[in-house]
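Worksheet: the structure to be examined is printed underneath.
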Amino acid sequence: MLKSSKRWRWAFTCKVSMPHPKQLTEEPRTEMRAAGLPSVRALLIALIAIQVALGGCKRYDEAVWTEEVKLHDGRMILIERRARRQPSGFPAAPRGRELEVELRYSEMNVVWRGDGTSSPLSFEIFDGTPFLVLVPRDPAFCSGKPDEAPLALYFKWNGSNWTEIGASSLATERALANLFERYWGHGPSDDAKGRVSWLEKATRDGFSASAPNSVRDWYAKFGITCALYRAYR
C-alpha cells in the first residue's frame, strides 16, 4: 500500500542559530569592551548578515505548476504538481537527481508523494475512482522479471490511500499517458511553472494533443521495459 500521509522531507536547507540578545548579560558586554572585542551590537549585526546570506543556500531546484490533464472520456481536469531536484549532478551533469515529487487533485482530495524513484505517467478516473500509473526508476524493480515486463506500477485510490494493483485491474488500452513528463528544463528558468496547458504539454512532450497515447500504446511505442534497464547495466 502506498500511503498518502508521508510527509515531505526537505533536508537541504542551511540554518544558523542566533542567540537572543537577552542571553548576553551586561557582565560579558563589559568584559568584551575591556578586552577590545567587538560590541554585542556589532556581533549581532554580523550574525544577522550571515543568517540572511545562508538563508538562500537551498540545495535543490524546485518546480511548481498546475497542468491540464485530459482523461479517457474527454474531460479536462487540473492537477497540481511540485517537484524538487538537486541543482547539479555528479561529476558534471547540469541537473541533479530528483528528490521529491507531489501530485494533487484537489477536487477529490487525492494526493500522491514520491521520493524521486518513480515518475508519474498517467492519472485517470474510471467510475469515479482515481488510478495512477508510475514508471519506476530503480533497476531493482526488474529483479526476477522478464525482459518484456513493462516498467510500470499501478495504483488505485481507496478514499484515503493508494493501493497497488495489477495491470489487469486497469484498462490500460483506454487510460491515457496524460501527465507532464518533461517538466524540467535545461535550467531553472526553463522549468515548468504557472498553468501548463494540454497543448503546451503535447508540444514539449512530443505527443498529439488530439490523439494522445494510451498507457498500453505508450509502453509499446517507446519500449519502456526491463530490457531497457538491462541494456545499460
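We did not get these values from a lab; they are worked out from the coordinates using the rules stated. Worth saying up front: this structure is predicted, and the values here are computed from it rather than measured. Neighbour counts run over all protein chains shown; Cβ positions are idealised from the backbone, glycine included.
Test of understanding: ordering Met76, Met108 by Cβ neighbours within 10 Å, fewest first, what list do you get? Don't jump to the answer; show the numbers that get you there.
Details: Met76 11, Met108 14.
Taking fewest neighbouring Cβ atoms as first place, the list is Met76, Met108.
What's the center-to-center distance, using Cα atoms, between the range 60-85 and the range 187-224 in Å?
11 Å
How do Leu153, Leu176 line up, fewest other C-beta atoms within 10 Å first? It would help to have the intermediate numbers written out before the result.
Working: Leu153 18, Leu176 23.
Listed from fewest to most nearby Cβ atoms, that is Leu153, Leu176.
Mind listing the long-range amide H neighbours of Thr225? Cut-off is under 5 Å, sequence gap 5 or more, other chains count too, H placed in the peptide plane at 1.01 Å from N.
Answer set, sorted by chain and number: Leu151.
Which of the three applies to the range 61-231, rounded, prolate or oblate, going by the alpha-carbon gyration tensor with a ≥ b ≥ c and a/c under 1.5 meaning rounded?
On the way: a/c = 1.41, a/b = 1.07, b/c = 1.32.
Rounded.
What are the trypsin sites (Lys or Arg not before Pro) within the range 65-172 that DSSP puts in a loop, where the Cβ has at most 16 other Cβ atoms within 10 Å?
Qualifying residues, ordered by number: Arg75, Arg97, Arg137.
For Ile165, which sequence-distant residues (separation of 5 or more, or a different chain) have an amide H within less than 5 Å of its own amide H, given hydrogens modelled in the peptide plane?
Tyr154, Phe155, Lys156
How much length is gained if the chain between Ser106 and Lys193 is pulled fully straight, taking 0.36 nm per residue apart and subtracting their Cα-Cα distance, in nm to one decimal? Mind dumping the intermediate values first?
On the way: separation 87, 0.36 × 87 = 31.32 nm, distance 1.81 nm.
Working it through step by step, the gained length comes to 29.5 nm.
Return a whole-number percent for the relative contact order of the range 61-231, with Cα pairs under 8 Å and 6 or more residues apart as the contact set.
RCO, the range 61-231: 23 percent.
May I ask which of Lys145/Lys221; Lys70/Lys145; Lys70/Lys193; Lys70/Lys156 have a Cα-Cα span longer than 26 Å here?
Values: Lys145/Lys221 20 Å; Lys70/Lys145 32 Å; Lys70/Lys193 19 Å; Lys70/Lys156 18 Å.
Beyond 26 Å: Lys70/Lys145.
Hey, can you grab everything whose amide H is under 5 Å from the amide H of Leu121? Only 5+ residues off in sequence or another chain; H modelled, so Pro and N-termini drop out.
The list, which skips near neighbours in sequence, is Val133, Leu134, Val135.
In the range 148-184, which GluC sites (Glu not before Pro) fall in coil by DSSP and have 11 or fewer other Cβ atoms within 10 Å?
Hits after loop and neighbour filter: Glu148, Glu173.
Translational D (Stokes-Einstein, µm²/s) of the range 101-159 at 25 °C and 0.890 mPa s when Rh comes from the Kirkwood sum over C-alpha pairs?
Approximately 194 µm²/s, per Stokes-Einstein.
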